[in-house]
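The values are calculated or read from the model by the stated rules, or taken from the named source; none is laboratory data. No experiment lies behind these values; they were computed from the predicted model shown. Quick reminder, even Gly has a Cβ in these numbers, built from the backbone with ideal geometry, and neighbours come from all protein chains shown. To get the accessible areas, we keep the full protein, side chains included, count just its heavy atoms, and leave off ligands, DNA and RNA. Shrake-Rupley method; radii C 1.70, N 1.55, O 1.52, S 1.80 Å.
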Amino acid sequence: VDQTATPATEIVVDDDKCIGSGACVLASPTVFDQNDEGIVVVLRPRPEAHEMDSVKAAVRACPASVIALTGQ
Ligand code: SF4
């Protein structure tokens, strides 16, 4: 992947505020997971291009609005 042309998108989560709903995992299961307490775990902070639609869906779906994208 050529990351020199445009900044790579990176997922940043404020996991202190995650309420463990799991909506992000439902929306984008290859990128998000939950730990034993149900708190979000980002499996792939720099998702592939083909995963971005699902990542954006996860951002919208998160009821606590704790998922952000940088480098957009
Ligand atoms: S959707 Fe938001 S609140 Fe729910 S598990 Fe994912 S990051 Fe946490």
Unit charges at the beta carbon, dipole of the chain: most positive-side option, I39, G20, A8: A8
Ratio of Rg to Rh over the chain (Cα coordinates, Kirkwood Rh, two decimals): 0.97
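Got a number for carbon plus sulfur as a percent of the chain's accessible area, 1.4 Å probe?
Working: 2280 of 4550 Å².
The C+S portion of the solvent-accessible surface of the chain is 50 percent.
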Other-chain or far-sequence residues with amide H under 5 Å of V41's (modelled H): D33, Q34, N35
Accessible area, probe 1.4 Å, largest first, for residues L69, L26, L43: L26, L43, L69
